[in-house]
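Asker: Handing you a structure now.
Computed from the coordinates by the stated procedures, all read-outs in this text should not be read as laboratory data. Please read these numbers as outputs of a predicted model, since none were measured by experiment. Positions of Cβ are backbone-derived with ideal geometry, glycine not excepted, and every protein chain shown enters the neighbour counts.
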Amino acid sequence: MAAEPEALPPQTNGEAEAPTLAGTLEQQIEQLQHRVRQAEERRRALLHIMGDLNESNRKLGDQRKAMLHILADYEKDRSRLAQSNIRLGDSRKAMIHIMGDLRETTQEMERREHELRDKQEQLVQAGKLATLGELTTGVAHELNNPLNNIGLYVGNVIDRIHLGELETERVLADLEKAMDQVRKATEIISHLRTFGRAAPVTVEKVDVDDVIERALSLMHEQLRLHAIEVEFDLAAEELVVLGNPIQLEQIFINLLTNARDALEDAPRRRVRISSTREGEKIKIVVADTGPGIPEQIQQRIFDPFFTTKEVGGGTGLGLSITYSIVKEHGGEISLVRSPEGATFEVEFPVAGEEPVEESLL
């Protein structure tokens, strides 16, 4: 018989638990390794978070600096705004002061303009009275004629009464002639009173030719005494302007007076007056055959108080007043070149166009 193998010795507990312990250790090692890996991942994540936190802190720092800069700028702007408000307040006060001064200046200008117009009106009135003073001799002669005629006609009636020769027709004829002379004298006196009185200046439609004829009626005797011949070349049509008849009359009286004085020593004494219409303008020309006006003083002839006459020979206001009146009527006056003497040209707008101002002077 074959021999039976020897039986193995029985395993102890320690030997049986060894594989189990090794497996447990391996598991623990794997768990530890896994924990290490997790810890490493957490560390890396934490480092990343720390990096993000540092970046956030850096950005917050930059934002804080920017905010501080903005706050500084705001403070500067607020300070500048406060200063601007102060300056604005000062500017407003200054503007109020300027407006007050401007208001006072405007009132002063209006007052001075009113005074100037009063002075102009007084000057025009003084010019009219001075003209009447110069015309006294001629006007006295103009009045003397009708007064003599009245005395003659009334004397005839008285003589017939004394002689008992009362023929009704002849008496009535003499008395009617006397009344005609009374009316003529009354017209002369009324004309003088109208021309010389100071009255509110009104504007109306005026025929220029009628104005010229009225001016000549006052100047007629003066021109006759100085042996001055007057020529007319007036337009056949009516030349109507808007203006004041008395002031317009003064224009032509002043121009005729100026011509009379200029012709004092002239060998040929003649004044020519013409009137025409050119479109919407009416032109009147007054020309004399005197020595003329020297070129070096032509720019000054309309200046107030300028005169070439000797002291006491004139006020130097005639042409200045004439210029003012023409301008107030929206017209123009000028000295034009001519072969001989002085030639003044006056232009007015035709009636229907408004004058420069509604109320003159």
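Asker: If you take every residue apart from Arg80 with its C-beta less than 13 Å away from the C-beta of Arg80, what net charge results, scoring Lys and Arg +1 and Asp and Glu -1?
Answerer: Details: positive: Lys76, Arg78, Arg87; negative: Asp73, Glu75, Asp77.
That sum, taken over residues with Cβ under 13 Å, equals 0.
Asker: Still on this structure, please answer the following. Are there any GluC sites (Glu not before Pro) in region 259-300 that are in a DSSP loop and have at most 11 other Cβ atoms within 10 Å? List them by number. Don't skip to the end; give the middle numbers.
Answerer: On the way: sites: Glu264, Glu278, Glu280, Glu295; in loops: Glu264, Glu280.
Sites meeting the loop and neighbour criteria: Glu264, Glu280.
Asker: While we're here: Can you sort Thr322, Thr20 from fewest to most other Cβ atoms within 10 Å of each residue's own Cβ?
Answerer: Working: Thr322 24, Thr20 9.
Result, fewest neighbours first: Thr20, Thr322.
Asker: Arranged by the count of other C-beta atoms within 10 angstrom, fewest first, what order do Thr343, Thr186 take?
Answerer: With the fewest neighbours first, Thr343, Thr186 line up as Thr186, Thr343.
Asker: Let me ask another. Let me check I've understood the local charge: for Met50, count other residues with C-beta under 13 angstrom from its C-beta, Lys and Arg +1, Asp and Glu -1. What total comes out?
Answerer: Numbers: positive: Arg42, Arg43, Arg44, Arg58; negative: Asp52, Glu55.
Summing Lys and Arg as +1 and Asp and Glu as -1 gives +2.
Asker: Take every Cα-Cα distance within region 202-361, group them into 5 Å bins from 0 onward, and report for each bin the whole-number percent of pairs it holds.
Answerer: It works out to 2, 9, 18, 23, 21, 15, 8, 3, 1, in whole percents.
Asker: Whole-Hz ³J(HN,Hα) for each residue in region 93-107, computed from phi via Karplus 6.51 cos²θ - 1.76 cosθ + 1.60 with θ = phi - 60°, x for glycine and proline: what do you get?
Answerer: Computed from phi, the couplings for region 93-107 are 4, 5, 5, 4, 5, 5, 4, x, 4, 5, 4, 5, 5, 4, 5 Hz.
Asker: Using the Cα centre as the reference, give the magnitude of the dipole from point charges on the C-beta atoms of region 31-129 (Lys, Arg: +1; Asp, Glu: -1; all else neutral), rounded to the nearest 20 debye. The partial results should precede the final answer.
Answerer: Details: 21 positive and 17 negative charges, 196 e Å.
That gives region 31-129 a dipole magnitude of about 940 debye.
Asker: Residues with beta-carbon under 14 Å from that of His34, excluding His34: net charge, scoring Lys, Arg +1 and Asp, Glu -1?
Answerer: Details: positive: Arg35, Arg37, Arg42; negative: Glu26, Glu30, Glu40, Glu41.
Once all neighbours under 14 Å are counted, the net charge is -1.
Asker: Work out, in µm²/s and without decimals, the Stokes-Einstein translational diffusion coefficient of region 201-264 at 25 °C, 0.890 mPa s, Rh from Kirkwood over C-alpha pairs.
Answerer: Numbers: Rh = 12.6 Å.
The estimated diffusion coefficient comes to 195 µm²/s.
Asker: Hey, what D do you get for region 31-129 in µm²/s if you plug the Kirkwood alpha-carbon radius into Stokes-Einstein at 37 °C and 0.692 mPa s? Kindly include the intermediate steps, with their values, before the conclusion.
Answerer: Numbers: Rh = 22.0 Å.
So the translational diffusion coefficient is about 149 µm²/s.
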